[in-house]
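To start, the structure under review is shown below, and the notes come after it.
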Amino acid sequence: AQKVTQAQTEISVVEKEDVTLDCVYETRDTTYYLFWYKQPPSGELVFLIRRNSFDEQNEISGRYSWNFQKSTSSFNFTITASQVVDSAVYFCALSEARTSGSRLTFGEGTQLTVNP
Amino acid sequence: SQTIHQWPATLVQPVGSPLSLECTVEGTSNPNLYWYRQAAGRGLQLLFYSVGIGQISSEVPQNLSASRPQDRQFILSSKKLLLSDSGFYLCAWSVGPGGETQYFGPGTRLLVL
């Protein structure tokens, strides 16, 4: 069975600090996909990134960066120079590779609060 | 561009009453559709998914059912609500083979009293 663990339930930082959100996953599949979503107070999940299991290149998008390490089954998310608008719940998710209709397994989420 | 709608946005229902939540997608054809539930302060749990009209897969046996009467319409129903059905219900869509990104709707907050 697939499992995603986000050990950090809540993180609080001061604006402009860097913050890393941890994600550890378990799967028996050799082909799989990893995702990060952001859930602001409004509730809608906003897609941030998708990685497949064969691409371990780190990715940077503005102040966001992701570190994927298959050796430790981790897919961590770093926000550089955090801002108040980054305050949200962040979810890491894992998807199997199927012909269609793949299911997302979510972690429990990390509540990030960025204080001014 | 694709958009996904859910309604109602919020709903307060008494225990034992029926439920119907609707989700529609615009701007794409033959999407995969999903219903998730999020209990307060918790992660999301997949309830149902559909890869085509009339095709429903249930992930968790429970008090709910789903139907897909049209290509871009996905309905979540219950004949008799339980207190434990309270939560935030999110619909999502994706296209293509497995592993594709799922895009979520605005959600419906359901409170069963």
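The values are calculated or read from the model by the stated rules, or taken from the named source; none is laboratory data. Source: prediction; values computed, not measured. Methodologically, a virtual Cβ is constructed for each residue, glycine included, from the backbone with ideal geometry; neighbour enumeration extends over all protein chains shown. Surface areas here come from the heavy atoms of the whole protein model, side chains and all, with no ligands, DNA or RNA. Shrake-Rupley method; radii C 1.70, N 1.55, O 1.52, S 1.80 Å.
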Would you mention how many residues in the stretch A:35-47 are facing chain B (nearest Cβ under 10 Å) and touching a Phe, Trp or Tyr at 6+ places or on another chain (Cβ under 9 Å)? 8
Looking at the stretch A:48-56, is at least one residue more than 14 Å from every other protein chain (Cβ to nearest Cβ), open to solvent by 40 Å² or more (accessible area, probe 1.4 Å) and more than 20 Å from A:PHE106 (Cβ to Cβ)? yes
Scan the strands (runs of 3 or more DSSP E) fully inside the stretch B:26-113 and keep the ones with 1 or more residues being facing chain A (nearest Cβ under 8 Å). B:32-38, B:44-52, B:55-58, B:87-94, B:108-112
Kindly evaluate A:LYS38 against the criterion of being closer than 25 Å to A:VAL114 by Cα, modelled with pLDDT of 95 or more, open to solvent by less than 40 Å² (accessible area, probe 1.4 Å) and charged (D, E, K, R). yes
Take A:LEU104 and tell me if it is closer than 24 Å to B:ARG37 by Cα, buried (at least 21 other Cβ atoms within 10 Å of the Cβ) and away from chain B (no Cβ under 14 Å). no
Residue that is nearest to B:SER94 (Cα to Cα) [pool: residues in the stretch A:15-34 that are among the hydroxyl-bearing types (Ser, Thr, Tyr) and either away from chain B (no Cβ under 13 Å) or assigned to a strand (DSSP E or B) (or both)]: A:TYR33
On the basis of being touching a strand residue (DSSP E or B) at 6+ places or on another chain (Cβ under 8 Å), open to solvent by less than 20 Å² (accessible area, probe 1.4 Å), over 23 Å from B:VAL15 (Cα atoms) and of a type in the set (A, V, I, L, M, F, W, C), does B:PHE88 make the cut? no
Qualifying positions in the stretch B:8-45 - more than 14 Å from A:GLY43 (Cα to Cα), open to solvent by 20 Å² or more (accessible area, probe 1.4 Å) and of a type in the set (A, V, I, L, M, F, W, C): B:LEU11, B:VAL12, B:VAL15
Could you grab me the full set of residues in the stretch A:53-76 that are more than 11 Å from the chain's Cα centre (by Cα) and touching a residue at least 24 places away in the same chain (Cβ under 8 Å)? A:SER53, A:THR72, A:SER73
For the stretch A:16-35, what are the residues that are open to solvent by 70 Å² or more (accessible area, probe 1.4 Å) and among the charged types (D, E, K, R)? A:LYS16, A:GLU17, A:ASP18, A:GLU26, A:ARG28
Check A:PHE68, A:PHE77 and return the single one that is within 22 Å of A:ALA1 (Cα to Cα), more than 14 Å from chain B (Cβ to nearest Cβ) and not polar (S, T, N, Q). A:PHE68
Could you check how many residues of the stretch A:35-44 are polar (S, T, N, Q) and outside any loop (DSSP other than H, G, I, E, B)? 1
